[in-house]
Amino acid sequence: MEKKTIIKSTSGIRGIIGTGLEPITAAAYGAAFGTFLKKGKVVVGRDSRPSGAMIMPAVISGLLAVGIDVIDIGIVPTPTVEIAVKKIHAQGGICITASHNPSQWNALKFFNHNGVFITPQEYEKLDKIFNLKKFAFKKFDKLGKEVKQTHWVDEHVKSTLAIKEVNKRAIKRRKFKVVVDAINGAGSVALPLLLEKLGVQTIAINCAQDGNFVHEPEPVPKNLTQLSRAVKKHKADLGLACDPDADRLALVDEKGNPIGEELTLTIAVKAVLSKKHGPTVINLSTSKVTEDIARSLGSKVYYSKVGESNVVQTMKTKKAVIGGEGNGGVIYPAFHSGRDSLIGAALVLTVLAEEKKSLAELVATFPRYYNIKLKDKLKSNFAKKRSQFEKNASSILGKSTLDKRDGLRFNFKQGWLQIRLSKTEPIYRLIVETKNKELTKNLADKVKKYFK
Ligand code: MG
C-alpha cells in the first residue's frame, strides 16, 4: 500500500486523493481553520478537478460545525477567492486546488482576512489545532450558515477591467485574435469572458471547466504544443495558457512559439511601470530580464524568497506597485495581493496594443537571456558537497557574490545561478541564467555533474 501523506507548507496542505487527502482530513482542516478564526465568514471556492466535488463539501462541513458562516463561490480561479474575501470583508478564505499538479492531487490553500495567504505564524497556529484536534464544535443552534454565490467570476472580470493601467480602448481598437487554453480548469470561463469584454476575438480550447487535464497542466513550453498549433491554425495574434487554478499565465507568440513563462511578468511589469512609479519585487528565481526592464523604467527592484507569501510580504514592506514570480505569476497589489492570470492577460494585451507590436516583436526588444531550470534527486552527501561548492564556486563561475536568503544564489559577471532544496520533495532545484546559450548549458551540466 502507498504511504499516506499530507504535505504541509505555509500556504496550505496537499495530498494525493485516496492515499492522504480524504474527506475526513478535509473536514478536520475546515474545523481547524474555523476554530483558528473563532467566528465570522469564510469564502470557499475550488478548481475544476473532479475530486473537488468530494473535498469541498467536507471542508464546508468542518467550517459549519465550528460555527463559521460559509460563502460557497463554486468553481473559480484562486485569485477570485482572494478578491471575494476582501470585498465581502470575510475573516478568511479556502481554495481547494492543487494548482499545476496533476489530477490525482488536491490541496487546500488558506487565506486570511486580507485575502492573502496566511502567514507562517498563522499556519503554525492552525496546524497546532489540527494536530491536537481541539476543534470548537458548536451545538445545533450555533452552527454556521451556508450561502452560495455565483457572481464572483463576473466580479473578478469587472474589477480587472476597472484597473487604470489596463488600456481597454487601445485593446479594442487593435482587434486582437487570441487562443485561450485553460486546461479545462478554473480559468475556463474567466479568461474567455475577460477577453470578450475587451473586444478580443477569442478561440477557446480546453475551456470546458470539467477538470479533464488533456495535457500536463503546468503552463511551461513543453506542455503548450496544442495551443501553439491552434495559434498557427487560426492565425491568431497570441495564445494564453493558465494553470488549473488560473493564477499563472504563459504566452505563445503569433508564430506559435511559447515565449517562456518568465516573460509574462516582464511584460506586466512594463505595462504598470510605464504609467506608475514605484518599486518592483520579484523572487530570487526570476529571470533578470524583468529586473532589467523594471530598472530601465526607473523602478527600484527588490528580490524576495521564493513562494507567493514571501513575495507578497516583501511587496508590502517595499511598497511595490508591481511584482510577482517568473513562473507566470503577476501580482498587482493595488487590486489584490495574489498571482492573477486575468490581470496578467489584460496587462500583456495593453502593452501590445499601446506599442503597436506583435508579441514576437515585443519580446525582441527585451535583453535576451538563456535560462535552464532543472531538478535532481538529493544524494546523501548533498549538504557536504554544497558547502564545498560554496567555497569553491569561483573555480566554476569566476568572481561572484553570494545571496543566501533562499538556498545559494551566485550572481556573477555573465549571469546568476541558484541552488535550492525543495520543501516538499527530496530534490534540489537548479537555475542557471546567462546571456549566452552555450555558457548556460555548460554551467548547468557542470553543476549537475558536481552534485551527482
Ligand atoms: Mg496555480
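The values are calculated or read from the model by the stated rules, or taken from the named source; none is laboratory data. Remember, it's a predicted structure, so these values are computed and weren't measured experimentally. Methodologically, a virtual Cβ is constructed for each residue, glycine included, from the backbone with ideal geometry; neighbour enumeration extends over all protein chains shown. Note: accessible area is taken over every heavy atom of the protein model, side chains too, but ligands, DNA and RNA are not part of it. Shrake-Rupley method; radii C 1.70, N 1.55, O 1.52, S 1.80 Å.
Some points to look at:
- Single match in Ala345, Ala334, Ala364, Ala360 (criterion: among the hydrophobic types (A, V, I, L, M, F, W, C) and free of Cβ contacts under 8 Å to residues at least 40 places away in the same chain): Ala364
- Subset of region 77-101 [away from the ligand (no atom under 13 Å from the Cβ) and surrounded by fewer than 24 Cβ atoms within 10 Å (Cβ to Cβ)]: Lys86, Lys87, Ile88, His89, Gln91
- When we screen Leu402, Leu374 for residues that are within 27 Å of Asp245 (Cα to Cα) and either part of a strand (DSSP E or B) or touching a Cys at 6+ places or on another chain (Cβ under 6 Å) (or both), the only hit is Leu374.
- Qualifying residue in region 331-349 (condition: in a strand (DSSP E or B) and buried (at least 24 other Cβ atoms within 10 Å of the Cβ)): yes
- Qualifying positions in region 241-266 - more than 16 Å from the chain's Cα centre (by Cα), in contact (Cβ under 8 Å) with a residue 40 or more places away in the chain and over 30 Å from Pro50 (Cα atoms): Asp253, Glu254, Lys255, Asn257, Ile259
- Filtering region 230-247 to residues that are farther than 18 Å from Gln201 by Cβ and open to solvent by 10 Å² or more (accessible area, probe 1.4 Å) leaves nothing.
- Residue check, Val281 in a helix (DSSP H, G or I), open to solvent by less than 20 Å² (accessible area, probe 1.4 Å) and modelled with pLDDT of 95 or more: no
- Count - residues of region 118-154 that are outside any loop (DSSP other than H, G, I, E, B), among the basic types (Lys, Arg) and free of Cβ contacts under 8 Å to residues at least 60 places away in the same chain: 1
- Subset tally (residues that are surrounded by fewer than 20 Cβ atoms within 10 Å (Cβ to Cβ) and farther than 22 Å from Leu378 by Cα) for region 403-439: 9
- Residue match in region 311-318 (condition: within 16 Å of the ligand (Cβ to nearest atom), over 30 Å from Val200 (Cα atoms) and outside any loop (DSSP other than H, G, I, E, B)): yes
- From the options Lys148, Lys133, residue that is at pLDDT 95 or above and more than 28 Å from the chain's Cα centre (by Cα): Lys133
- Just one of the numbered conditions (1) in contact with an Asp or Glu (Cβ under 9 Å, 6 or more places away or on another chain); (2) surrounded by 16 or more Cβ atoms within 10 Å (Cβ to Cβ) is not true of Lys148: (2).
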